[in-house]
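The values are calculated or read from the model by the stated rules, or taken from the named source; none is laboratory data. Just so we're clear, the structure is a prediction, and the values are computed from it rather than from any experiment. All Cβ positions, glycine included, derive from the backbone under ideal geometry; neighbour counts span all protein chains shown. The protein model used for the area step is the full one, side chains on, heavy atoms only, and it has no ligands, DNA or RNA in it. Shrake-Rupley method; radii C 1.70, N 1.55, O 1.52, S 1.80 Å.
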Amino acid sequence: MSLTTNSTRRDFLKTAGAAFGVPYIITSAALGNSERPPASDRIVVGGIGIGNMGRGDQGAFLGRKDVQYVALSDVREEVREKSKAVVDKHYNNGDCQTYNDFRELLARTDLDAVHVATPDHWHSIMVIEACRNGKDVYCQKPETLTLREGPLMIAAARRYGRVVSGGSQRVLGDYRKYVDPAWAGEFGKIKSINVNVGPLPQLCNLPVEEMSEKIDWDLWLGPAPWAPYNSKRCSGSFSINGSSWRSFSDYSGGGMTDWGAHHFGGATFICDVRDLQPEEITYFDEAEGKYLAYRYPNGLVIYHNRPKTENMYIEGTPGEKLAPKAVPTYKGEGGIYGDFIECVKTREKPFRDIESAVNTAVLAHLGNIAYQLKRSLKWDAAKQEFVGDAEANRFVDRARREPWQI
Amino acid sequence: MLDTAFEALKKFDWGSDLAELAAIEDAAIAGHANPETREELENRLISALNGELTRDAQDYVCRKLAMVGTVASVPALAGLLVKKENSHLARFALERIPVAEAAQALREALSHVDGSLKVGIISSLGARRDSAAVATLGGLIGDRDPAIARSAALALGTIGNAESAQALTAAMRTSPINPQAIIDGLLSCAEAMLVSDQRAAASAIYKTLAADSHPRLVRLAATRGLLSCGSKQA
């Protein structure tokens, strides 16, 4: 992969005329108008993984006047063709470039930002590689597959000064009825909150199936263990019960991470612990069911699947009222996508900055490990390791299939 | 139950019911509280791995050895590192088994493989932050295979000690095959040095990378690093 500079479309346009040395026609679209900024002021975006979630992300970016969507990558030929057609129709041209291999897209020097919506086992590699190539990144949730990936993604973002946003729009959008009173101090000190989400991921051992689509299977598997093609294995359906990659531990943390990104994200937002990670995970196996209690350094407990307890049930301090705090929100206009694009322009941290997104995913991963090992765990967030539990530490990461590396 | 599961393992293949192997999973979990159970399970898994199994079953065994394997598992796993079909899952276990012999097996396998398998083993040595591999990895930064050279540079960055930085700096002075990976490795080393309060060493790396000869992205990263060195100092 070539070493790329952080040249932007603006830099490119400044020098392109001189470099080519030939006259060219500047179209009205390039110059912009009262409703659309000139091309030199638009954020140039590409997309990686244009399946169910990627299509939605692509549509959101395409709909923005301050974005020029120019390239996409997907391992499915049909997806590439259909998706290119959507982009080209939107701009009324044939300019959108398509790539089977995301590395070719990331090597382009004219892209300011990319959105990533592949299965989860690809996220860390793509986000880190995008940062190395000077791109800002909007990464769909769940952002990580293992605990070790998070700190490496944060490090890459900070190292190269990149804006990296996680992808849950529900964290801010779905829980305002709890967030607003919580930040207004109306619950007093929050002692605990309950999150109901699942199920756990499962190992996949689906049978060999004849390939029914044009897909680069080796690239779809990427860093995951080799396995034969099966349409359910790589299905992007939202099933978390065995009919899509979201169900399987080689590609996803199951419902724990998939919906956990929203629910755990909402709970940590309500309780204002988005910057923290828990230090103790207590495993309960009782007649009424298995559940967890995550204890934070500030004393907060987040329960997971506490029996007979509704999702987002908050235990506050009756009679106490805390000083109100301003509720953080999106910058710019257009929800989470607008927040990301605005931050690309201003270099501020987005609402779902990668660090808080990773802290959310950590809850789900710690929970998956505690349930699998059927025991309580202690977590050292500073060292990113389990305390006094060498066996649990084996679950912090997993080897990636060659030649993939983070 | 465990006997039945190991019988099922002999015929296990794509499409087989994973529930047939549940007793093995249960034993792997129970091994935490009962060392004898763990040792017995490990021995049976090693024995199975040394026998006739499908690739799918071998993969399953390697996944379980990643949970319960000790030094006793290393020879069986090491033998798989050089096989195209098995190398990844062998690393799946060896990368996570916390004994020096596992790292040694990975280092020794380097001279017996090439191409992608070598890249995989290098990445596992990096993930283990194996300082004993630094000299070998330093040599591989100049490998004629760009994928191997890149992988070695990134692994050295992950290991992140003074010797890694030295090897990367030396490679940077010659004609680097993959400057992006070397630079990334150096920045990673500098960050590790900063965390361990080796400001002078970190600063030296950042100053080199802040030079005009480097792309803007790198110069900005180095400048941010230099500012961090300064703020740490203050």
- Here the residues within region B:216-234 that are at pLDDT below 95 and within 11 Å of chain A (Cβ to nearest Cβ) are B:Ser228
- Task: Determine which single condition B:Leu137 fails, assuming it passes every other condition in (1) away from every other protein chain (no Cβ under 13 Å); (2) open to solvent by less than 10 Å² (accessible area, probe 1.4 Å).
- Result: (1)
- Query: Looking at A:Val127, is it closer than 18 Å to A:Leu62 by Cα, touching a strand residue (DSSP E or B) at 6+ places or on another chain (Cβ under 8 Å) and open to solvent by less than 10 Å² (accessible area, probe 1.4 Å)?
  - Reply: no
- Look through region B:85-100, keep the residues that are more than 18 Å from B:Ala57 (Cα to Cα) and among the aliphatic types (A, V, I, L, M), and return whichever of them is nearest to the chain's Cα centre (by Cα). B:Ile97
- Query: Within region A:56-78, which residues are within 20 Å of A:Glu104 (Cα to Cα) and either open to solvent by 30 Å² or more (accessible area, probe 1.4 Å) or assigned to a strand (DSSP E or B) (or both)?
  - Reply: A:Gln68, A:Tyr69, A:Val70, A:Ala71, A:Leu72, A:Ser73, A:Arg76, A:Glu77, A:Glu78
- Mind checking which pairs have a first residue in region A:216-230 that is among the polar types (S, T, N, Q) and a second that is part of a loop (DSSP other than H, G, I, E, B), Cβ under 6 Å, 6 or more apart or different chains? A:Asn230/A:Leu206; A:Asn230/A:Glu209
- Take region A:235-254 and flag every residue that is over 15 Å from the mean Cα position of the chain (by Cα) and in contact (Cβ under 8 Å) with a residue 24 or more places away in the chain. A:Gly236, A:Ser237, A:Phe238, A:Ile240, A:Asn241, A:Gly242, A:Trp245, A:Ser247, A:Phe248, A:Ser249, A:Asp250
- Query: Of all residues in region A:192-232, how many are of a type in the set (S, T, N, Q), crowded, with 18+ Cβ neighbours inside 10 Å and within 13 Å of chain B (Cβ to nearest Cβ)?
  - Reply: 2
- Task: Please determine, by comparing only the residues of region A:340-378 that are within 15 Å of A:His263 (Cβ to Cβ) and of a type outside the set (A, V, I, L, M, F, W, C), which one is nearest to the other protein chains (Cβ to nearest Cβ).
- Result: A:Asn368
- Query: Within region A:346-368, can you find the residues that are under 17 Å from A:Thr329 (Cβ atoms) and of a type in the set (Lys, Arg)?
  - Reply: A:Lys349, A:Arg352
- Looking only at region B:83-99, and only at residues there that are closer than 19 Å to B:Arg129 by Cβ and touching a residue at least 24 places away in the same chain (Cβ under 8 Å), the one that is farthest from the other protein chains (Cβ to nearest Cβ): B:Val99
- Go through region A:254-373 and tell me which helices (runs of 4 or more DSSP H), entirely inside it, have 1 or more residues that are among the basic types (Lys, Arg) and within 30 Å of A:Val44 (Cα to Cα). A:335-346
- Within region A:79-89, how many residues are touching a Cys at 6+ places or on another chain (Cβ under 6 Å) and either polar (S, T, N, Q) or surrounded by fewer than 22 Cβ atoms within 10 Å (Cβ to Cβ) (or both)? 2
- So, in region B:106-126, of the ones that are surrounded by fewer than 23 Cβ atoms within 10 Å (Cβ to Cβ) and small (Gly, Ala, Ser), which residue ends up nearest to the other protein chains (Cβ to nearest Cβ)? B:Ser116
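List the helices (runs of 4 or more DSSP H) that sit entirely inside region B:31-81 and contain at least 1 residues that are within 11 Å of chain A (Cβ to nearest Cβ).
Details: elements: B:35-49, B:55-68, B:74-80.
Where helices (runs of 4 or more DSSP H) fall fully within region B:31-81 and carry at least 1 residues being within 11 Å of chain A (Cβ to nearest Cβ), they are B:35-49, B:55-68.
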- Task: Report, ordered by the first and then the second residue, all pairs with beta carbons closer than 6 Å, sequence separation of six or more or different chains, a first member in region A:392-406 that is at the interface with chain B (Cβ under 7 Å from one of its Cβ atoms) and without any contact (Cβ under 8 Å) to a residue 40 or more places away in the chain, and a second member that is open to solvent by 20 Å² or more (accessible area, probe 1.4 Å) and in a loop (DSSP other than H, G, I, E, B).
- Result: A:Arg394/B:Arg96
- Query: Which of the residues spanning region A:101-124 are surrounded by fewer than 24 Cβ atoms within 10 Å (Cβ to Cβ) and assigned to a helix (DSSP H, G or I)?
  - Reply: A:Arg103, A:Glu104
- Note on the structure: Across (1) at pLDDT 95 or above; (2) more than 16 Å from the chain's Cα centre (by Cα); (3) surrounded by fewer than 22 Cβ atoms within 10 Å (Cβ to Cβ); (4) on the phi < 0 side of the Ramachandran plot, B:Val82 clears everything bar (2)
- With A:Gly242, A:Gly236 as the choices, which residue is out of contact with any helix residue (DSSP H, G or I) (no Cβ under 9 Å at 6 or more places or on another chain) and surrounded by fewer than 22 Cβ atoms within 10 Å (Cβ to Cβ)? A:Gly242
- Task: For region A:297-304, indicate whether the set of residues that are open to solvent by 20 Å² or more (accessible area, probe 1.4 Å), in contact with a strand residue (DSSP E or B) (Cβ under 9 Å, 6 or more places away or on another chain) and within 20 Å of B:Arg63 (Cα to Cα) is non-empty.
- Result: no
- Has region A:156-169 got any residue that is in a loop (DSSP other than H, G, I, E, B), at pLDDT below 95 and open to solvent by 10 Å² or more (accessible area, probe 1.4 Å)? yes
- Residues of region A:372-383 being under 16 Å from A:Arg295 (Cα atoms) and either touching a Leu at 6+ places or on another chain (Cβ under 8 Å) or open to solvent by less than 40 Å² (accessible area, probe 1.4 Å) (or both), which ones? A:Arg375, A:Leu377, A:Trp379, A:Ala381
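Going by the conditions given, is A:Gly150 in contact with a Leu (Cβ under 6 Å, 6 or more places away or on another chain) and under 22 Å from A:Phe102 (Cα atoms)?
No, not satisfied.
Do we find that A:Asp250 is out of contact with any Ser or Thr (no Cβ under 8 Å at 6 or more places or on another chain), closer than 30 Å to A:Leu221 by Cα and either not assigned by TED's automatic domain parsing to the domain that holds A:Lys374 or not in a strand (DSSP E or B) (or both) in this structure? Talk me through it step by step, then tell me what you get.
Details: out of contact with any Ser or Thr (no Cβ under 8 Å at 6 or more places or on another chain): yes; closer than 30 Å to A:Leu221 by Cα: yes; either not assigned by TED's automatic domain parsing to the domain that holds A:Lys374 or not in a strand (DSSP E or B) (or both): yes.
Yes, satisfied.
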- Message: If a residue must be within 14 Å of chain A (Cβ to nearest Cβ) and crowded, with 17+ Cβ neighbours inside 10 Å, how many such residues does region B:172-212 contain?
- Response: 25
- Among the residues listed as A:Gln140, A:Gln97, the single one being open to solvent by less than 10 Å² (accessible area, probe 1.4 Å), at pLDDT 95 or above and away from chain B (no Cβ under 13 Å): A:Gln140
